[in-house]
Amino acid sequence: MKTILVAGGCGFIGSNLCLQLLNDNNKVICVDNLYSSKIENIKLCMTNKNFTYINHNIIEPLHINDTIDEIYHLACPASPPIYQKDPIYTLKTNFIGTMNLLELAKIKNAKILLASTSEIYGEPQVSPQPETYRGNVNTIGIRSCYDEGKRIAETLFMDYHKQYKVQTHIVRIFNTYGPNMNKNDGRVVTNFISQILTNKPITLYGDGSQTRSFQYIDDLLNGMIKLMKSNYIYPVNIGNPNEITIKKLASILLELTNSDLKCIYKPLPLDDPTNRNPDIQLAKTILNWEPRVELKTGLIKTIRYLKNC
Ligand code: UDP
């Protein structure tokens, strides 16, 4: 039985990961300060004797008495309106918080995995985006606190590996959706479903022609756990290459809910990337991983979850 620390374990991805790791018969220590997450997300985990929750902000050093075998670093607000609310906090979480977790990994001789992001590619000029693409990021825009924060976190991971031999892993996560998303997080999947469920018009930002590639949470968890088990230290994209326009996402959700709500157009937020599509060849080759859940199947499960929230 391994002891695994999940920083950001009450968030959307973190809470699903905690449950999966418990089901795989591990001891899980969940660390979260509930800045952008909810304690209700770990309700099911709380009933498991192998689960511990610690309310802690990773910007402060973290002292744990137990041995730790693995650390998943998911602690960071990830939805644009929330990470932009206090950009300095987002930056501190990604720099100081990441260093604190790397220090813990160094002391405990634990493997550590960073939840990085497709955002590090910025406004991509190649499609699909392979891990070798270095990105096109605005250093001073409204998304920079997150994009550049995750870039420095990747740099810290590589340098802790080179300088201190910490066993690091970096996953670049593309847009992910599923149960435990916060219905008020302002992201497109939750906004559209919440609007449909409350009979409000669907808000398309810009003309809706921008693209994203949506993966279901279970596929992501599978990829992250495989990467943690591997010896691969360089960044790996984990995402679903099924690229669609945001307008198309709206029409799929309307179809799935038999809804005839209207779309209204709102200004495109600054620096909103025009496209995102993961090149997943590397994950296929080194992890024998590829996404399995069809978009409609995953969306139906997400609608069901949000209906009961
Ligand atoms: N978006 C939209 N309507 C909404 C919320 C988002 O059209 O109510 C668009 C947003 O402008 C972006 C895409 O959907 O182009 C994905 O946005 P999200 O905030 O989910 O994540 P991002 O990939 O931008 O980080």
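Within segment 238-268, the set of residues being in a strand (DSSP E or B) and more than 17 Å from V293 (Cα to Cα) comprises T245, C263, I264, Y265, K266. Note on segment 129-143: residues that are more than 20 Å from H169 (Cβ to Cβ), surrounded by 18 or more Cβ atoms within 10 Å (Cβ to Cβ) and touching a residue at least 40 places away in the same chain (Cβ under 8 Å) total 1. Filtered by the rule that a residue be part of a loop (DSSP other than H, G, I, E, B), touching a helix residue (DSSP H, G or I) at 6+ places or on another chain (Cβ under 7 Å) and over 24 Å from D207 (Cβ atoms), segment 269-298 gives W289, E290, P291, R292, V293. Of the candidates E294, E255, E243, the single residue that is crowded, with 18+ Cβ neighbours inside 10 Å and charged (D, E, K, R) is E243. The residues of segment 58-98 that are touching a Ser or Thr at 6+ places or on another chain (Cβ under 7 Å), within 26 Å of K111 (Cβ to Cβ) and surrounded by 22 or more Cβ atoms within 10 Å (Cβ to Cβ), listed by number, are I58, H73, A75, C76, P77.
Residues that are more than 17 Å from the chain's Cα centre (by Cα) and away from the ligand (no atom under 16 Å from the Cβ) within segment 59-85 comprise I59, E60, P61, L62, H63, I64, N65, D66, T67, I68, D69, E70, listed in sequence order.
Checking S251, S194, S259, S213 one by one, the residue that is small (G, A, S) and within 22 Å of T117 (Cα to Cα) is S213 and no other. Per the conditions (1) away from the ligand (no atom under 12 Å from the Cβ); (2) over 20 Å from E119 (Cα atoms), the sole criterion not satisfied by V171 is (2). Within the set F51, F12, the sole residue that is more than 18 Å from the chain's Cα centre (by Cα), buried (at least 18 other Cβ atoms within 10 Å of the Cβ) and aromatic (F, W, Y) turns out to be F51.
Pairs linking a residue in segment 147-171 that is touching a residue at least 12 places away in the same chain (Cβ under 8 Å) to a residue that is basic (K, R) and buried (at least 18 other Cβ atoms within 10 Å of the Cβ), with Cβ atoms under 9 Å and 6 or more positions apart or on different chains, are K150/R172; E154/R172; V166/K111; Q167/K111; T168/K111; H169/K111. For the residues K307, K284, K248, the requirement of being of a type in the set (K, R) and within 16 Å of the ligand (Cβ to nearest atom) singles out K248. The residues on offer are N184, N222, N242, N175, and the sole one that is modelled with pLDDT under 95 and on the phi < 0 side of the Ramachandran plot is N184.
Within segment 258-280, the set of residues being away from the ligand (no atom under 16 Å from the Cβ), surrounded by 14 or more Cβ atoms within 10 Å (Cβ to Cβ) and of a type outside the set (D, E) comprises I280 only. Only residues that are touching a residue at least 60 places away in the same chain (Cβ under 8 Å) and of a type in the set (S, T, N, Q) were counted in segment 43-80, giving 2.
Listed by first and then second residue, the pairs linking a residue in segment 223-240 that is closer than 13 Å to A115 by Cβ to a residue that is of a type in the set (D, E, K, R) and part of a helix (DSSP H, G or I), with Cβ atoms under 8 Å apart and 6 or more places separating them unless they lie on different chains, are P235/E154; I238/D219. Of everything listed in (1) away from the ligand (no atom under 16 Å from the Cβ); (2) surrounded by 18 or more Cβ atoms within 10 Å (Cβ to Cβ); (3) of a type in the set (A, V, I, L, M); (4) without any contact (Cβ under 8 Å) to a residue 24 or more places away in the chain, the single unmet condition for I107 is (2). Selection of segment 174-216 for residues being buried (at least 20 other Cβ atoms within 10 Å of the Cβ), more than 14 Å from the chain's Cα centre (by Cα) and more than 10 Å from the ligand (Cβ to nearest atom) yields I193, I196. The residue pairs whose first member lies in segment 193-210 and is more than 11 Å from C263 (Cβ to Cβ), whose second member is within 10 Å of the ligand (Cβ to nearest atom) and of a type in the set (D, E), and whose beta carbons are closer than 9 Å, counting only pairs six or more residues apart or on different chains, are G206/D272; Q210/D272.
Exactly one residue out of S118, S127, S79, S144 is in contact with a Gly (Cβ under 6 Å, 6 or more places away or on another chain) and among the polar types (S, T, N, Q): that is S79.
The values are calculated or read from the model by the stated rules, or taken from the named source; none is laboratory data. Please read these numbers as outputs of a predicted model, since none were measured by experiment. Heads up, the Cβs are rebuilt from the backbone with ideal geometry, glycines too, and the neighbour counts pull from every protein chain shown.
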